[in-house]
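Have a look at the structure below, then the notes.
Read-outs: derived from the displayed coordinates by stated rules, not from any lab. On a predicted model such as this, the values are computed, not experimentally measured, just so you know. Cβ: placed from backbone, ideal geometry, glycine included. Neighbour counts: every protein chain shown.
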2 protein chains.
Amino acid sequence: MTKLLLVSNSTQHGGGYLEHCRERVVEHFRSAGARTVWFVPYALHDLDRYAATARGAFERMGFQLRSVHEVDDPAAAAADAEGFFVGGGNTFRLLKRVREERLIEAIRARVAGGAPYMGTSAGSNLACPTVRTTNDMPIVEPGAFAALDLAPFQINPHYLDPPTDSSHMGETREQRIREFHEENETPVVGLREGGMLVCGSGRTVLAGPPAARIFRRGKDPVEVPSGEDLAPLVGAPT
Amino acid sequence: MTKLLLVSNSTQHGGGYLEHCRERVVEHFRSAGARTVWFVPYALHDLDRYAATARGAFERMGFQLRSVHEVDDPAAAAADAEGFFVGGGNTFRLLKRVREERLIEAIRARVAGGAPYMGTSAGSNLACPTVRTTNDMPIVEPGAFAALDLAPFQINPHYLDPPTDSSHMGETREQRIREFHEENETPVVGLREGGMLVCGSGRTVLAGPPAARIFRRGKDPVEVPSGEDLAPLVGAPT
């Protein structure tokens with residue numbers, strides 16, 4: 001059974017790294033019996049520094065953390081992993097390296113086998129069918145936009161409501177997602193900062209304080225409060 | 001000689017379509033002797049409606065406008081065009097169709113032959129070496145990120161200064177461009193709304209009210225006021 005913890009943002013304004021989702025993280029990995037978590041740091045440029053940050057946070061929560069960039073064969077490491085944490089940064093850079101290191105199939109297979117997967121921001125985008133709902137700048141070419149496809153929906157992390165007092169003419173986030181649905185069918189979860197999705201047992205439960213905004217092709221957007229199961233609207237991993 | 005008019009945004013808050021750049025548009029096409037401008041509407045979903053909007057604006061300025069989506073062979077039309085206007089919308093959708101219609105080489109060849117090119121927003125992104133500095137959501141796969149390469153620099157349209165009062169944790173525009181320079185060398189012009197670049201005779205002149213912010217790899221960003229030639233910082237088309 002697929003177990004996912006998909007978090008909008010790794011750091012909440014005024015708080016420390018992973019602090020706002022700490023209880024959920026502990027429960028996510030502990031309930032699956034994972035003691036060592038494999039970290040995928042490719043979304044940022046400085047991999048050593050990023051792994052040190054993640055390692056500190058995970059060790060304080062009682063887990064070992066190893067980073068796939070520290071081993072010769074990341075795909076082999078992933079094939080035996082007890083759990084995964086894919087950190088945020090630039091989604092295109094992340095996907096490019098994940099593809100180059102042949103991690104797509106390796107992570108998919110282990111997560112299908114029960115290893116818990118956690119993503120923040122770009123790492124949550126990576127769990128979706130494609131990265132087509134990322135907010136990031138396409139600074140490198142990943143080769144294709146297909147991602148891990150662990151969930152049947154798309155996530156838009158750091159979801160932002162349209163500003164009411166702005167004269168800026170760039171597209172709002174909602175307009176961008178409407179453009180996505182001019183070209184695609186997959187439902188999109190607009191996951192506001194502080195929000196996260198807990199997927200397992202056929203459910204997709206919204207956690208964290210904010211409501212989420214659900215976008216489906218040809219339908220009006222829907223607001224769903226924290227604590228609800230979104231599976232009737234957007235599906236759930238099997 | 002390559003003649004470009006690269007505009008940040010097609011509509012300024014409170015104004016009409018192309019109103020804020022009207023004088024520049026007229027001068028750009030008239031000085032090159034263009035009477036009919038070919039429009040590339042692929043960045044939006046509703047091509048007929050988009051072409052009608054653009055046609056209205058260009059006819060009021062004294063030009064004929066034809067849209068490449070209204071002919072059987074867009075590349076053949078482009079090969080004879082007196083000038084081009086590529087409108088804004090979603091950059092990925094634009095690039096995908098431009099590639100599919102074999103317009104990259106056709107437009108490049110005509111612009112190299114002296115036909116004036118104008119872009120707004122996504123259409124300005126398209127004039128750059130790649131689309132790697134777009135703000136848009138990657139709603140479709142263009143196949144590759146290489147674009148028209150009419151200018152030697154990248155543009156970030158709708159450039160936004162970091163908000164001073166925000167608790168939002170998503171990357172600022174400046175952070176995104178810094179990430180671009182972790183992976184790429186090409187200078188980036190942060191083109192604020194209302195700003196435009198007029199390229200020709202070896203110059204890249206900033207027009208419109210706002211200053212532009214110039215980003216170069218390994219250097220601090222530089223503010224340049226309207227009226228300046230940016231060629232010493234970012235180069236110019238030949």
*Taking a label point 7 Å from Cα toward Cβ, how far is A:SER201 from its twins in the other copies, in nm, shortest first?*
7.4
*Going through region B:135-185, which GluC sites (Glu not before Pro) have at most 13 other Cβ atoms within 10 Å and a DSSP loop state?*
B:GLU185
*Hey, what did region A:112-238 get for relative contact order, percent, Cα under 8 Å, at least 6 apart?*
20 percent
*Shortest first and in nm with one decimal, please list how far the B:ALA75 label point sits from its counterparts in the other copies (point 7 Å along Cα→Cβ).*
3.6
*asked:* Explain nothing, just the number: relative contact order of chain B, from Cα pairs under 8 Å at least 6 residues apart, as a whole percent.
replied: 21 percent
*For region A:1-83, which semi-axes, largest first and in whole Å, follow from the square roots of 5 times the eigenvalues of its Cα gyration tensor?*
20, 17, 11
*Around A:LEU44, which amide H atoms from residues at least 5 apart in sequence, or from another chain, sit under 5 Å from its own amide H, with H modelled in the peptide plane?*
A:ASN90
*asked:* Using only DSSP helix segments of four residues or longer, with each worth -39500 (n - 2.57), what per-residue ellipticity at 222 nm results for chain A after dividing by its residue count and rounding to 500?
replied: -8000 deg cm²/dmol
*A from B by rotation - nearest chain B beta carbon to the axis, in Å*: B:PRO138, 3
*Gaussian network model of chain A, Cα springs within a sub-10 Å range: biggest mean-square fluctuation belongs to which of A:GLY14, A:GLY113, A:GLY200?*
A:GLY14
_Spherically averaged projected area in nm², based on the convex hull that wraps the Cα atoms of the protein assembly as shown_ = 21.7 nm²
_Quick check: convex hull over the Cα atoms of region A:82-189, volume per residue in Å³, rounded to an integer?_
108 Å³
*According to a simple spin-label model (label point 7 Å from Cα along Cα-to-Cβ), what is the distance in nm between A:ARG60 and B:ALA109?*
6.2 nm
_Net dipole in debye of chain B [+1 Lys, Arg Cβ; -1 Asp, Glu Cβ; about Cα centre; nearest 20]_ = 380 debye
*Which one of B:THR91, A:LEU103, A:TYR159 has its Cα pushed farthest toward the positive end of the charge dipole of the protein assembly as shown, where Lys and Arg give +1 and Asp and Glu give -1 at the Cβ?*
A:LEU103
*Along Cα→Cβ at 7 Å, what distances in nm separate the A:SER166 label point from those on the other copies, shortest first?*
0.7
*Enumerate the calculated ³J(HN,Hα) couplings along region B:64-70 in order (Karplus 6.51 cos²θ - 1.76 cosθ + 1.60, θ = phi - 60°), each rounded to whole Hz, writing x wherever the residue is Gly or Pro.*
7, 10, 10, 9, 5, 7, 9
_Taking the convex hull of Cα positions in region A:151-196, its mean projected area over all directions (nm²)_ = 3.9 nm²
*Could you size up the charge dipole of the protein assembly as shown around its Cα centre, putting +1 on the beta carbon of Lys and Arg and -1 on that of Asp and Glu, and report it in debye to the nearest 20?*
120 debye
_Rg and Dmax of region B:65-138, Cα atoms only, in Å_ = 11.7, 33
*Where labels lie 7 Å past Cα in the beta-carbon direction, separation of A:GLU19 and B:ASP220 in nm*: 3.1 nm
*Check B:ARG217: other-chain or 5+ apart residues with amide H under 5 Å from its amide H, H built from backbone geometry?*
none
_Partner chain coverage, peptide A:162-170 - average Cβ within 10 angstrom_ = 4
*So what's the gap between the Cα centers of region B:39-59 and region A:158-188, to the nearest angstrom?*
21 Å
*Longest span of chain B, sites excluded, free of trypsin sites (Lys or Arg not before Pro) in DSSP loop with at most 16 other C-beta atoms within 10 Å?*
B:103-215
*asked:* What are the extents of the Cα atoms of chain B along their three principal axes, in Å, largest first?
replied: 47, 36, 36
*asked:* Students often get this wrong, so check it: of B:LYS3/B:LYS96; A:LYS3/A:LYS219; A:LYS3/B:LYS96, which have C-alpha atoms separated by over 26 Å?
replied: A:LYS3/A:LYS219; A:LYS3/B:LYS96
